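Report on the following structure.
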Amino acid sequence: MLSLKSAATAAVLLLSTASTLAQEQTPTDYCTLAYQAQNTTGFADWKSAKGCLDMHGLDNEVRKSTIDTLEKSILGYYSFTDMAAVQSTIDGGAHDLVDVDLRKVLTEAKTKAYKNDRAFHDEMHRTIRKLGDAHSLYYHRCYHQAMAFVQPYDMRVLVNSETKKQEVFLDGPLSVNANYLKLVTEAMGGVDPKTYLGWKVKTIDGKDAVKWIEEYAFEYVGDEKDNQVRFNQVTAKYIVEPDGSVSYAAGKAKRGIYVEAPEKATRTLGLVGPDGKEVVVEAPWFAGKGSGVPAFTDAKSYYNNVCLAPPPALEARDAGGETHTKFLSLKELREEKLVDVPTVGLDVTNTTENYYGNGYPKMLVAGKYASFHLIDAETGVSALPVFDSGLTNADGSDNDGAECKARLNDPDATANIGTGGPAGPNFYCFIIEIHEGLKKLKEAGAKKIILDWTENGGGWGDLGFAHVAVMFPEVVRDVARFRMSPFFREVMQVAFTKDVDQYSPLTMFGPANFLDPKTEKNPTNADIDRLFLNENLPVQEYGGYKSVYSGLMNIVDGGGDFSTFGPHTVWNATGIPKPTEPLWPKENVLLLTNGLCGSTCAHAARLAVDHVGIRSVVKGGLAGGKPFAFSAFPGGNVLEAGQMFSDLKKIGLENHPLAPQPFKANLRAYRLNVGVGYSKREDLPAEYAYKAADCRMDITEKTFHPAGAWQGAAALFESCEGTVDVPPTSSTCTDEPTATATASVPAETSCTDEPTATATASVPAETSCTDEPTATATASETDAPVPTETTPTDEPTSTGTVSVPTETETDAPVPSPTDIETDVTPEPTETPCTTETDVTPEPTETSCTDEPTVTGTVSVPTETETDAPVPTPTDIETDVTPEPTETPCTSETDAPVPTATDIETVLPPTETDVESTETPCTTDIATAEPIPTETPCSTETEEESPETLTTIETETAAPVGIPTGLPSFTRKPTYTTFPVPDEVEPPISGASASVVAPAFAAIAAVAAAIIVM
């Protein structure tokens, strides 16, 4: 029997052991470590920063409210909820997308087990990103912005003008912040990071450098639907500022912000030096503190202050246009103050004082919004980085336009901006500056002009239309629809009753935000039934989901009145005479972009290319590839979360059962695309109607600089031929009936006095590996516009170092809405896969009638999967002649088109909704417009294993990997997937306490028993 003294001693020992065990089980507070580091050096190491993000257990109340808000806002407002579910197949699978069934993802997220809070919000972020639409995003401040991860190096990608091979180089800028350089130098084993600037990058994380960039673009860039455009966003570039100066813009590979946190401490770079020496460098991640992040000191305060939403407030309308000019992370990234300036990197040549005689442009105008240059005696350039009229004063305050107002012919004119409030005088001065700059180019002798809209993220829609209108008087506004969900119908009905102020609307959805295409006037409450509520509105079905869509209208986004009869027209306010003839012939105007010409820029570009007929050139992407999309995310309006909630409150619908409620999570940004804009294609909205540029040029040592790109584009005036506008043809091989999607197409447009005519047009038909059938049908009368006559031309040829496609493509006419309504089954014609047929389209004249509703059946396969190999970039260059296969594809299945009365609720598809699943054929059907990803009939892939590199640098953590997409995504391209990462440590809330508390209780019980004895 133990003595009392012995028992007490034993109890003390046990309690001491328990205390030690508790200390060992208590997780490290990484948020405290990150706070201490950021407040000492300005940067936290990767382990502390990412560890902080992983310390927070899933809050089920926050999850439930977040999903509820997402469901109600997406189902109630988002334009492409249905189309996203089958977006990998739309337009013949032309886009680099995966299917995103938003309803399914959100339903599964309600019960899914997540490792921690970050895992849940990362999945919501990825879900929205996979839409490929910069108008729609989900950034959680806590997990996607507060810890602003940054790499020391950027990537510059150039095509060697001699070898024609694409090469990657380490680029700057490197911060001269002493603390940051010290941290990076220590992490790199004492090597000055500037040592490697300009070195060639052979591999990144063990993969070929170019291939890594391509895959990173596909996985982590969600602003565009064309991966060639995303490729350009990953890499470094020079951009032209509004005043014509040239500055450096970091690529998205440099930043780990507005994306999931990096999953390992370093990026492994296989480098080749100028002398041919090969080394491996571990480039470290460090995390600065994102701008506007609330203060924190530990995990608890980080979660409460940074992760949870502040009390909701009624947000004011944004008169400066922040909704549009900052919607893209392009500008947000440049504004994040992560490191001090100045910076050092590869040279930026900015010779604005020189002129074209020695190789550089002569600047005629350095404006507030745009710059105007001559690159030779007869070729001018207008460089415009954004369609934004907002200005700031030297002290950072908003410029109210007082100086500009004195220049106006009509000082009382005010711009009625549906998505932000009155723009003020600067709206009109933007238009004046563009018009005067173009006139100066013409007066200086420019007979040809390049519109450089590279990296233009958009702005006010009416400014985009104004730019095209001052050049080409015949252009008319493009049209749009809205997806009329049950809740959105009520929003429109109430807004048209309560929000009727013509010059200062309360919300985005009052009548002042729209124009009737037939009258160029705002609709009234009397028009609401015709536009939004009548029972004969068109219905679309994609992926088993059906939605009603509104009638066609113009969206007012900037308030410009371009009519000749309004009280404050743009022409009267600016003093610009309404043009009666083009400033230049359309064949003398060339559009230049790198694919990122988004939102308003995309609408303006589509007007100029599709309707006027100017040619377009893109730069960059994969070396030697075909022309890719010259514009991105044309979509419609942008609905920000703050405006969504405040608009509902202003019209008294904030407590409606279907109304989304403010988030409990602290989102840095949440926005949705609202509005379905159309361009020349009437069978698909512009967002999903693929349109490639006419020509493409590589980014070389010369064309990397804007001045060199201008010279490269100028060389294409004579060699770049336009292409016929035709949708890609879907190619499938199956004997089973095809699953169809019913889609009605735009029918309402402005009336004309043209005679009524009936024309025959071709309908794109699904074909087999050996067939290219063509079906014709007689079009019925409709209210569609008369299409612009287009003359098919030969493929463009290239000169100098400019890369343009050399493959023969198929010319075919564009189907009008009436073409789709046909019961003609095409008779297959056996044609080998390698054979391409030219078809000369006949222009179609249509008459104007009273608002008919045209519907038809469009075949849209659901979740398509295939066992056939999908090519990598190396596959596309393979010269393999396919063996023809005599397997005919099935024709489209006709189904009755429902009307608005048929649609009461939106239900997920069941197995009975789809008759069969189509299997894509492995052939390549050439079209008049290049598709970024081709699938040859037969391919062989060879990959070179990287040579063994000499490893230097420091000890690093083993790679954990990069998270893959959601299970409900159906992947289209064959980019390598990455393993799902493990967590740093279990969450602090709940996990460790469950281990330590029982240990204390057990030991205390034993000690008590001993003492009693």
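Here's how it looks for I204: its modeled amide H is under 5 Å from those of A209, G270, which are all 5 or more places away or on a different chain.
Split the accessible area of the stretch 492-571 by element, probe 1.4 Å, and carbon with sulfur accounts for 48%. In this Cβ point-charge picture (+1 for Lys and Arg, -1 for Asp and Glu), the stretch 497-622 has a dipole of about 400 debye about its Cα centre.
Label separation (K447 vs E718): 1.2 nm, computed from points 7 Å beyond Cα along the C-beta direction. Candidates M188, H56, Y78 compared by Cα position along the dipole of the stretch 51-192: farthest toward the positive end lies H56, with charges placed on Cβ. Report the full-extension gain for the segment S247 to N60: residue separation times 0.36 nm, less the Cα-Cα distance, to one decimal in nm. Taking S247 through N60 to full extension adds about 62.8 nm, to one decimal. Per-residue packing, averaged as other Cβ atoms within 10 Å, sorts the ranges 244-251, 576-583 into the order 244-251, 576-583, beginning with the highest.
Around the amide H of H140, modelled in the peptide plane, lie the amide H atoms of R668, all under 5 Å away and 5 or more residues distant in sequence or on another chain. At a probe radius of 1.4 angstrom, the accessible area of the stretch 492-571 per residue rounds to 35 square angstrom. Calculated FRET efficiency, N525 to Q661, Cβ-Cβ distance, R0 = 22 Å: about 0.20 to the nearest 0.05. Packing, as the average of other Cβ atoms within 10 Å across residues, places the peptides 690-698, 184-192 in the order 690-698, 184-192, highest first.
Any idea how far apart S301 and Y114 come out in nm if each label point goes 7 Å out from Cα toward Cβ? Here the answer is 2.5 nm between the modelled labels. When you restrict to C-alpha pairs under 8 Å that are six or more residues apart and normalise by the size of the stretch 492-571, the relative contact order lands at 22 percent. Label-to-label distance, A402 versus F565, with points set 7 angstrom from Cα along the beta-carbon direction: 3.9 nm. From the largest down, the stretch 140-279 spans 43, 39, 37 angstrom on the principal axes of its Cα atoms.
Between the amide H of L596 and those of E455, distances stay under 5 Å, these residues lying 5 or more places away or on another chain, with hydrogens modeled in the peptide plane.
Here the contact order of the stretch 114-191, divided by its residue count and restricted to Cα pairs under 8 Å and six or more residues apart, works out to 18 percent.
Only Lys, Arg, Asp and Glu carry charge here, each on its Cβ (+1 for the first two, -1 for the last two); on that basis the stretch 492-571 has a dipole of about 60 debye about its Cα centre.
Partner lysines whose Cα lies under 21 Å from the Cα of K405, excluding those fewer than 8 positions away in the same chain, are identified as K368, K578. For N39 and S291, a Förster radius of 22 Å and the Cβ-Cβ distance give a FRET efficiency of 0.90, rounded to the nearest 0.05. Over all orientations, the stretch 506-556 has a Cα convex hull whose mean projected area works out to 4.3 square nanometres. An ellipsoid equivalent to the stretch 561-664, defined through the eigenvalues of its Cα gyration tensor, has semi-axes of 36, 27, 9 Å when rounded to whole angstrom and sorted largest first. The V612 and K194 beta-carbon pair, evaluated with R₀ = 35 Å, returns a calculated FRET efficiency of approximately 0.15. For the pair D410 and E436 in one chain, pulling the backbone fully straight at 0.36 nm per residue adds 7.6 nm over the alpha carbon distance.
Remark: the stretch 590-661 carries a charge dipole of roughly 320 debye about the Cα centre, counting +1 on each Lys and Arg Cβ and -1 on each Asp and Glu Cβ.
The values are calculated or read from the model by the stated rules, or taken from the named source; none is laboratory data. Note that the coordinates shown come from a computational prediction; the quantities given were computed from them, not determined experimentally. Don't worry about glycine lacking a Cβ; one is built from the backbone with ideal geometry, like all the others, and counts go over all protein chains shown. Heavy atoms of the whole protein, side chains included, go into the accessibility calculation; ligands, DNA and RNA do not. Shrake-Rupley method; radii C 1.70, N 1.55, O 1.52, S 1.80 Å.
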